[in-house]
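Colleague: Structure provided below as structure tokens; questions to follow.
The values are calculated or read from the model by the stated rules, or taken from the named source; none is laboratory data. It should be emphasised that the depicted structure is a prediction, and the values quoted were computed from it without experimental measurement. Using ideal geometry, Cβ is built from the backbone for each residue, glycine included, and neighbour counts are taken over all protein chains shown.
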Amino acid sequence: MVYQFEDLKKACPEEWRDYIEHSFVTQLGDATLAANAFQHYLKQDYLFLIQFARAFALAAYKSPTLADLRQAKDGMQAILDTELGLHIDFCKDWGISEDELANLPEARATLAYTRYVLDTGNRGDLLDLHVALSPCMVGYGEIANWLNHRSETIRGESNPYDAWIAMYESDEFQEAMHAEIRWLDDRLAEVSPSRFEQLTRIFRDATRLEIDFWEMGLTLSD
């Protein structure tokens, strides 16, 4: 059997649905999400991006080919040189200063997911690491698309979270998402059924931790 990324989602349908359609996401789309919940999420997402950059540094170390090495380098550079700066500017729009971001403690949900990703990458190979990252790298693009297909989603100035949706529906992010899916499809096509089961466990656990990350934002938990 030839496996693809879609098979990981099919193996974890409840977890993937609960992640993509989480109350945090639906309230964001409906423009009913509490502002302090979104601000709490933004702060922790800044800390997540820093750990995400570390994950790409680990991906570089784990890369068996020059192409993989270049991909990891480009990913880390994009976070450090572009995404973090954009995130800081976005936080400023929500009244969160760069000094505040620099002194934030990590919430338990942030610690759990980011350290799970890094631990999975340390213990396993490059494919293990990418699968652990995929709920974030693919999921945010799918969430934006799902929100845009909902009749209840409010777009434009009436929704204070419209810029967030626009970020992940953008051509740039959607292409990055599809590039990641293509990379995963190529590697998954070569794995055995037993190896796919191992990767499914990683994907399921990472998706559950992403659900906890949404829940952290919604409940303002530390």
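Colleague: Residue 176 passes all but one of (1) closer than 28 Å to residue 30 by Cβ; (2) modelled with pLDDT of 95 or more; (3) out of contact with any Leu (no Cβ under 6 Å at 6 or more places or on another chain); which number fails?
Modeller: (2)
Colleague: Looking at the range 62-85, which of its residues are in contact with a helix residue (DSSP H, G or I) (Cβ under 8 Å, 6 or more places away or on another chain) and in a helix (DSSP H, G or I)?
Modeller: Selection gives 62, 68, 69, 71, 72, 73, 75, 76, 79, 80, 83, 84.
Colleague: Within the group 200, 207, which residue is under 15 Å from the mean Cα position of the chain (by Cα), among the β-branched types (Val, Ile, Thr) and either surrounded by 17 or more Cβ atoms within 10 Å (Cβ to Cβ) or outside any helix (DSSP H, G or I) (or both)?
Modeller: Step by step, each of 200, 207 is checked, and only 207 is under 15 Å from the mean Cα position of the chain (by Cα), among the β-branched types (Val, Ile, Thr) and either surrounded by 17 or more Cβ atoms within 10 Å (Cβ to Cβ) or outside any helix (DSSP H, G or I) (or both).
Colleague: Could you list, in sequence order, all residues of the range 91-107 that are in contact with a Leu (Cβ under 7 Å, 6 or more places away or on another chain) and assigned to a loop (DSSP other than H, G, I, E, B)?
Modeller: 94, 96, 104, 106
Colleague: Just to be sure before I move on: is residue 42 touching a Cys at 6+ places or on another chain (Cβ under 6 Å), in contact (Cβ under 8 Å) with a residue 24 or more places away in the chain and not polar (S, T, N, Q) in the structure I sent?
Modeller: Yes; evaluated as a whole, the condition is true for this residue.
Colleague: If I go through the range 145-175 residue by residue, how many of them are more than 12 Å from the chain's Cα centre (by Cα) and part of a helix (DSSP H, G or I)?
Modeller: Total satisfying the criteria: 16.
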